[in-house]
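Colleague: Take a look at the following structure, please.
Every number in this text was worked out from the coordinates using simple rules, so none of it is lab data. Source: prediction; values computed, not measured. Positions of Cβ are generated from backbone atoms using ideal geometry, with glycine treated the same way; all protein chains shown enter the neighbour counts.
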Amino acid sequence: MQETPDQVVQLVLQGRQYGLPLDQVERIIPIAALRPVPQAQPHWLGLLDLHQTSVPVLDLPGLLGLHPRKPFTVDAAIIIVRVPGAQTGFLVDDVIGLTRVARGAWQRRSGLSAGGDDCIAVTHTRDGLLMLLDAQQLLAGEPIGSG
């Protein structure tokens, strides 16, 4: 991601506020039944049948190293992201909604989350600190093909 976005989907992971760029988010759906993936990494939750396409769903807190995973609540959702070469779902604790961020309000950072260099920028909103994630960067090391 070259530019910091002015619109993000704001979400909650273990009490912390994160954002994904709106242009990476395809849709948000309620938590659904997943088919297991044999011998998968612990953060791989399974495959979602989305309009006859198998979409891998990853536990975003697990991918970021935010453990242990808390039990799912009724607020949990799957954010379907699309980046070049991959369509993937991220299971999150809650989705707050679309948040506009003033141009220039992001402060570039690295190494802010428990997972290392996962948080690429931060800003302050009325809800507190908002950490920006880049789906393409998060998926760089995952064995996920085109969807």
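Colleague: Would you mind telling me which residue in 39, 136, 17 has the biggest mean-square fluctuation in a Gaussian network model of the chain, where springs connect alpha carbons within a distance under 10 angstrom?
Modeller: 39
Colleague: Measure out, as a whole number of angstrom, how far apart the alpha-carbon centroids of the range 87-104 and the range 22-43 sit.
Modeller: If you average the Cα positions of each part, the centres end up 15 Å apart.
Colleague: Would you be so kind as to identify which of 61, 106, 7 lies farthest towards the positive end of the dipole of the chain, taking Lys and Arg as +1 and Asp and Glu as -1 on Cβ and the Cα centre as origin?
Modeller: 106
Colleague: Moving to a separate point now. Peptides 56-64, 101-109: what's the order by average Cβ count within 10 Å, highest mean first?
Modeller: In descending order of packing, they fall as 56-64, 101-109.
Colleague: Ok, one more. Once the dipole of the chain is set up with Lys and Arg at +1 and Asp and Glu at -1 on Cβ about the Cα centre, which of 137, 84, 17 lies farthest towards its positive end?
Modeller: So the residue furthest toward the plus end is 17.
Colleague: Moving on to the next point. Count the net charge of all other residues whose Cβ sits under 10 Å from the Cβ of residue 41, scoring Lys and Arg as +1 and Asp and Glu as -1.
Modeller: Around residue 41, the charge tally is -2.
Colleague: Let me ask you something else. Rounded to a whole number, what is D in µm²/s for the range 7-139 from Stokes-Einstein with the Kirkwood radius over alpha-carbon pairs (10 °C, 1.306 mPa s)?
Modeller: 106 µm²/s
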